[in-house]
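Reading through the structure tokens given below for one structure.
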Protein chains: 2
Amino acid sequence: MHPELRSRLLAACGPGHLFDDPDLRSSYETDWTRRFSGKAVFVARPPDTAGVAAVVAACREFGVPLVPQGGNTGLVGGSIPRAGEAVLSLRRLDRIEDFDPIAGEVTAGAGVTLQALQEFVRPHGWDVGVDLASRASATIGGMVATNAGGVRVIRYGPMRHQVIGIEAVLADGAVLARLPGLLKDNTGYDLPGLLAGSEGTLAVVTRVRLRLIPARPARAVALLGLPSLAAALEVLGAVRRRAPGLEAAEVFFPEGLDLVLRHARLAAPFPRPHACYLLVECAGADDPAPALAAALESSVDPASVLFATSRADRDRLWAYRERHTEAISAEGIPHKLDVTLPASRLAGFEALVRARLAEAAPGTRPILFGHAGDGNLHVNILGAAPDDETPDDAVLRLVASLGGSISAEHGIGVAKKRWLNLTRGPADIQAMRAIKRALDPAGILNPGVIFDLEGLTPPARRREDG
Amino acid sequence: MHPELRSRLLAACGPGHLFDDPDLRSSYETDWTRRFSGKAVFVARPPDTAGVAAVVAACREFGVPLVPQGGNTGLVGGSIPRAGEAVLSLRRLDRIEDFDPIAGEVTAGAGVTLQALQEFVRPHGWDVGVDLASRASATIGGMVATNAGGVRVIRYGPMRHQVIGIEAVLADGAVLARLPGLLKDNTGYDLPGLLAGSEGTLAVVTRVRLRLIPARPARAVALLGLPSLAAALEVLGAVRRRAPGLEAAEVFFPEGLDLVLRHARLAAPFPRPHACYLLVECAGADDPAPALAAALESSVDPASVLFATSRADRDRLWAYRERHTEAISAEGIPHKLDVTLPASRLAGFEALVRARLAEAAPGTRPILFGHAGDGNLHVNILGAAPDDETPDDAVLRLVASLGGSISAEHGIGVAKKRWLNLTRGPADIQAMRAIKRALDPAGILNPGVIFDLEGLTPPARRREDG
């Protein structure tokens, strides 16, 4: 490392927070999936926004590209170094500030974990609109940068919709600051919304102001056995129209349920199997159970419905859905795809994808489950070799042909780049590239994530960026 | 007009839909406010997306800048020509397509009016998430381009949050198409969200797919008299936490109520006046009245609450709020400002703004009302000369000093450009300019709206844009 760069980084991070020792670096070089890892030229852990800005400015000047990293819980390789980048860790930006218990708003540093924020606001009757299984590690900055989703998107939207103020460091080290938290602000382009989901390629998010959601203590869960996904979507339509506070609408199928019953040693939910299972949860200030029951009454056979209101009973029904991931892992190493279909094509996709996989990758077993209310299915494929992308390609091409998205929640990272042009057209990609070039002309921020850019100033060491 | 340009525009628009006759042009040259008008070099009314793309490509080639125009109901001069632009009217793109009554989604051409869309979806139990007084003229394309708000933002978010798919023509005539409608799509930058609120400066929106909201027939409205705006915000916090389905939370003050009572000849709502009035509406599948009453019980004196559930009674309470605009107009020509404050500073602003106005513009009378749940106040100022911007400047500087937004709903257009730098910092404006330059290097799309850009290729006639 150039001595001047080192001294500027040390000044920005403070002693003990700049390391290039391989042992100290290693936990920053491999992600949650263990599929992605690479060597970082160094790891910088600045303590605050000014420190982040100083790191970005120095690295830009010396031509060192940066991979911003929060809790490192991503699934698409977007938060670990690939080819000579440094890691910019945001974990020390862990302050929770300016909580407003009347309006339900709070400001969180990029490094605050979701769980820390949940534990901070819940005693005051508020909650965070997005919840995830990786809550203990996932950071608010990373969740904004990747526009995290989860099971409540149907009610509260993704992370982008929770953001009402942002502070971020641009590629030249300038600080974009708009933190007071404004629910309405029609003064030009929606930069917070643009940064949300940009996977660290346009700016480094340092703080966000979030709108909170009221904690909803009264909850009701119903698990339904149905003859098809189409039937499940019809019931869901009725629930959305008639029951208040629909917060989750999850589906799964016999192939996944069988694995869950076997690996988690659970009793079957119904005396006979069904072709599709729908789990809905409603939550409100008042008991949502009567309205949910009424919405289901006319459209479902009572023998195929299980109802739960107590915490323990709700957890018991949720287990059939939530234990899918571990049951699948117990069976083998799956290929994990995460796709959205237009609502009208979701049921058709579910039927087609099995046939398409049988044809393209004989001997593979698809296990589907996901967030039916959002058109989002997780397609897990067992029985394929780890490096064989044939099944992935077959599924994603089918998704694209039906007008869907190849990544509902996980993002593109480096893992899905190959298929980006399947679902985003030439004008779309051209516009994205133009925005990337405009905001990061030197290609210093998370290069190689989402797309590769030819024509960007190569991130080689130099002193002048012009 | 160059003969080749004319023939290309005629081919794109069809006979009768390209005019430069002053009589035919005139209705496109003055907006809803009548404050803004200018001469259009011509008006082009293409019938569809391909026609829009052909008009944009031809105009870019011949160096004719375009002002995209929908229903022309904007309030900030962003939809009328200013200095030699042509008007690109989207009104013929008025098809409603692909309505999905199960998922609650629909595709609307840019020229579909809000009212036409409401009338189309309501018989099926669905509604549009944004509603506005100008619904008969305002078009869906214009509402997306300006990120329209309204009284329901507290529940459903602004227009940006309704958009789940978009089709738009970029400055080079390329068509960005992502229409199937995806609730989750983490495949790169959120271009639909970026175009929403960009006021026609980045692309021309031609079609959008919208998520719909379930029609909520059961409604309850409460009008409360309170000792202060701070007290109103505290009650509102309790309602948000405890009552389901809060859909509107409006405030007004004695100065406005007095005008309404006088001009609309209404009876006073309460036997004695209060310092602040709060109107809340809850809506659900089931009657929301008991939960609303319970939420209010502990925090409000029963003598200062009026409750309504029937349509007629609700309308009677809403009239006190809704008739503000006409009552103010009957009194004089107001300066209209539209600001958001951070939640914690809204009450402080309300007290300060009167003092600040008395100091900066003695003899003016502020009338405040607005959407308390969003921190959005409409500041109407009576008694100021039409061209005297002193009171506007004083109010907007106060807003900025408190971390607010100088335009909550109306946008910047040309009217608020002067104050943009009060609330968006240098890094913010620099990033916006970079995006504008990246997507519209020739400066062909609504030039001079939001900001003026030096260094853009001047929109003078030429054949090559390089």
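The values are calculated or read from the model by the stated rules, or taken from the named source; none is laboratory data. Predicted, not measured: the structure shown is a model, and the values here were computed from it. Counting neighbours? That spans all protein chains shown, and the Cβs are built from the backbone with ideal geometry, glycine included. Heavy atoms of the whole protein, side chains included, go into the accessibility calculation; ligands, DNA and RNA do not. Shrake-Rupley method; radii C 1.70, N 1.55, O 1.52, S 1.80 Å.
With the cut-off at 1.5 for a/c, could you classify chain B from its C-alpha gyration tensor as rounded, prolate or oblate?
Working: a/c = 2.04, a/b = 1.52, b/c = 1.34.
It comes out prolate by the Cα gyration axes.
Using the Cβ-Cβ distance between A:A294 and B:T33 with R0 set to 60 Å, the FRET efficiency works out to roughly 0.80.
The dipole here belongs to the protein assembly as shown: it is taken about the Cα centre, uses +1 on the Cβ of Lys and Arg and -1 on the Cβ of Asp and Glu, and is about 160 debye. Which of the three applies to the range B:14-101, rounded, prolate or oblate, going by the alpha-carbon gyration tensor with a ≥ b ≥ c and a/c under 1.5 meaning rounded? The shape class here is oblate. Dipole of the range A:15-139 computed with +1 at Lys/Arg Cβ and -1 at Asp/Glu Cβ about the Cα centre; of A:T73, A:V52, A:I96, farthest Cα towards the positive end is A:T73. Here is how far apart the B:R6 label points are across copies: 7.4 nm, shortest first, using a point 7 Å from Cα toward Cβ.
Give me the percent of the accessible area of the range B:1-152 that comes from carbon and sulfur atoms, probe 1.4 Å, all protein chains in place. The value for the range B:1-152 is 52 percent carbon and sulfur by accessible area. Which of the lysines could be linked to A:K436 by a straight reach, that is with a Cα gap under 29 Å, when you skip same-chain ones fewer than 8 residues away? Qualifying lysines at Cα under 29 Å: A:K39, A:K184, A:K336, A:K416, A:K417, B:K184, B:K416, B:K417, B:K436.
Using a Förster distance of 56 Å, how high is the FRET efficiency between A:A83 and B:D23, based on the Cβ-Cβ distance and rounded to 0.05? The computed FRET efficiency comes out at 0.30. When a/c is below 1.5 the answer is rounded, else prolate if a/b is larger than b/c, else oblate, so apply that to the protein assembly as shown with a ≥ b ≥ c taken from the square roots of the Cα gyration tensor eigenvalues. Because its axes are fairly even, with a/c under 1.5, the protein assembly as shown counts as rounded. Distances from B:S37 to itself in the other copies, using label points 7 Å out along the Cα-Cβ axis, amount to 7.3 nm in increasing order. The mean number of Cβ atoms from other chains found within 10 Å of a Cβ in peptide B:340-346 is 6, as a whole number.
Residues within the reach of a label modelled at A:A230 (point 7 angstrom out along Cα to beta-carbon, backbone nitrogen below 19 Å), restricted to the range A:260-281, are A:274-278.
Under the criterion of Cα pairs below 8 Å and six or more residues apart, the relative contact order for chain B equals 15 percent.
Across the identical copies, the 7 Å label point of A:E119, projected outward along Cα→Cβ, sits 5.8 nm from its counterparts, in ascending order. Here's the picture: charge each Lys and Arg Cβ at +1 and each Asp and Glu Cβ at -1 in the range B:196-351, and of B:V339, B:A203, B:A351 the one pushed furthest to the positive end of that dipole is B:A203. On association of chains A and B, roughly 6500 Å² of accessible area becomes buried (total for both chains; probe 1.4 Å).
Three principal axis extents of the range B:112-238 based on alpha-carbon atoms, in descending order, are 56, 34, 29 Å. Note on B:92-104: average number of Cβ atoms from other chains within 10 Å of each residue's Cβ is 3. Rounded to the nearest 500, the 222 nm mean residue ellipticity of chain A from helices alone is -9500 deg cm²/dmol, with -39,500 (n - 2.57) taken per DSSP H run of at least 4 residues. Here the convex hull built on the C-alpha positions of the range B:287-440 has a volume of 184 cubic angstrom per residue. Report the one residue of B:G375, B:A361, B:G284 whose Cα lies farthest in the direction of the positive end of the charge dipole of the range B:259-381 (charges on C-beta: Lys and Arg +1, Asp and Glu -1; origin at the Cα centre). The residue sitting farthest along the positive end of the dipole is B:A361. Under the convention that each Lys and Arg Cβ holds +1 and each Asp and Glu Cβ holds -1, the size of the dipole of chain B around its Cα centre is about 100 debye. Taking the chain by itself as reference, the range A:226-241 contains these residues with an accessible-area loss of 50 Å² or more in the full protein complex (1.4 Å probe, heavy atoms): A:R240, A:R241.
For the protein assembly as shown, the solvent-accessible area with a 1.4 angstrom probe is 35 square angstrom per residue. Rounded to the nearest 20 debye, the dipole size of the range B:150-233 about its Cα centre is 520 debye, using +1 on the Cβ of Lys and Arg and -1 on the Cβ of Asp and Glu.
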